[in-house]
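Have a look at the structure below, then the notes.
The values are calculated or read from the model by the stated rules, or taken from the named source; none is laboratory data. Everything quoted here is computed from the prediction, not taken from an experiment. Here the Cβ positions follow ideal geometry from the backbone for every residue, glycine too, while neighbour counts run over all protein chains shown. For accessibility, only protein heavy atoms count, side chains too; no ligands or nucleic acids. Shrake-Rupley method; radii C 1.70, N 1.55, O 1.52, S 1.80 Å.
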Amino acid sequence: MNDSPWGAAGASPPASSPTGYAFRPGPAPRPSAGPAHEVRDTAQTRPMPIASDAGGGDQEEHGDRFGPRPEGRQHGGAPLPPGDPGPGAAPASPVPASPPGRAKRGGRDLGAAIAVGVGLGAVILASLFWVKDVFVAVIVAAVVVGLWELTTRLRERRGVRAPLVPLAAGGAVMVVAGYLRGAEAAWTVMALTCLGVLLWRMAQSPHDYLRDVTAGVFAAFYVPFLATFVALMLAADDGSLRVLTFLLLTVVSDTGAYAVGYRFGRRKLAPRISPGKTREGLVGAVGFAMAAGALCTHFLIDGGVWWQGLVLGLAVAASATLGDLGESMIKRDLGIKDMGRLLPGHGGIMDRLDSLLPTAPVVWLLLVLFVGAS
């Protein structure tokens, strides 16, 4: 393809170039024997889809590259009149204006998200400081609903039939056993739950048996077993304050990551897993969590000192971030955005437990090491 202005047949080239060298007109190019030239021009001016990258690429740059050719010269060499996109180009379609609506960010309704978050917080705090047994019931309910969401998405997206009945029954007993009898009882119920998954699945076709029971064992560990560590924290004499510390540090870590990442985030943390997370946001999560940890261990935990809170906050920021990335990996593998729709503005229960579940054993272990189990 010749893009020079004098490339068309019959055009007269200038007598000399700006460098002083004279150019002689060459023979006119032979006419094309087929429609190759027209096909090539059509292919180069055809509109192409604009695909935004994971990091939120420059839309204007993509539009200039793949949209109509700007005012200037066409492939034949003759200047285009202003506003003419050139031959073969599709007419530009106006971009519809976004309809007015409630404030949203990331496709979520912020008003509903705030209302649901405040409501959940009120229920959790009221049950936590009213009667511990009620809070155990809250943990059990969250575990059962989370298992239902996880197994439903696995069946819908991958055809994996992880048996929900033994998982839900075993998960509920696991949480209660951990609260009443300690970690040894929770381990025992975990083993029995896995055995129940294997036996329950035997009543169906042997096809994909190994795949289904593997998913069931994973679900038993991921949801009820990790949630049991919250019940283990609650069983201590100051259990309500320990659980409150665990919840506060996780929420503060997520809030710090969002606030700092939204204001200063530039470098992606894990673009293939969660494009919205940045390294600056991780620094914010660590800083906020460590500061909150020092305050919580000094004012809430019996026998705790400030430097232990710094270690606790650092560990919480790391585990909460890894937990969030871990569930993002699961959702990307399944090709979904949220695990459920139970909580408006938040998604499902599992979308709220992603940071809490892996953080629970970390906080329980560090508090046991720092101030003891009771």
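With respect to residue 176, determine if the residue is open to solvent by 70 Å² or more (accessible area, probe 1.4 Å), touching a helix residue (DSSP H, G or I) at 6+ places or on another chain (Cβ under 7 Å) and either modelled with pLDDT of 75 or more or among the polar types (S, T, N, Q) (or both). No: the conditions fail for residue 176.
Matching residues to (1) in contact with a strand residue (DSSP E or B) (Cβ under 7 Å, 6 or more places away or on another chain); (2) buried (at least 17 other Cβ atoms within 10 Å of the Cβ); (3) acidic (Asp, Glu); (4) assigned to a helix (DSSP H, G or I):
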position: 315; (1), (2), (3), (4): no, yes, no, yes
position: 327; (1), (2), (3), (4): no, yes, yes, yes
position: 332; (1), (2), (3), (4): no, no, no, yes
position: 339; (1), (2), (3), (4): yes, yes, no, no
position: 352; (1), (2), (3), (4): yes, yes, no, yes
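With the structure loaded, tell me whether residue 171 is in contact with a Pro (Cβ under 7 Å, 6 or more places away or on another chain), open to solvent by less than 50 Å² (accessible area, probe 1.4 Å) and under 26 Å from residue 336 (Cβ atoms) or whether it fails that test. Taking the combined requirement at face value, the residue satisfies it.
Determine whether the range 269-284 contains at least one residue that is part of a helix (DSSP H, G or I), open to solvent by less than 50 Å² (accessible area, probe 1.4 Å) and within 30 Å of residue 191 (Cα to Cα). No: zero hits. Has the range 231-254 got at least one residue that is at pLDDT below 95, closer than 16 Å to residue 320 by Cβ and small (Gly, Ala, Ser)? No: zero hits.
Among residues of the range 185-210 being out of contact with any helix residue (DSSP H, G or I) (no Cβ under 9 Å at 6 or more places or on another chain) and of a type outside the set (Gly, Ala, Ser), the one that is least open to solvent (accessible area, probe 1.4 Å) is 208.
Give the residues of the range 200-216 that are farther than 16 Å from residue 173 by Cβ and in a helix (DSSP H, G or I), sorted by residue number. Explain how you work it out, then say what you get.
The initial filter retains those residues of the range 200-216 that are farther than 16 Å from residue 173 by Cβ, namely 201-215.
201, 209, 210, 211, 212, 213, 214, 215, listed by residue number.
Pairs, please: C-beta under 6 Å, at least 6 apart or cross-chain, first residue more than 16 Å from residue 253 (Cα to Cα) and in the range 292-307, second in a loop (DSSP other than H, G, I, E, B)? Hits for this filter: 302/238.
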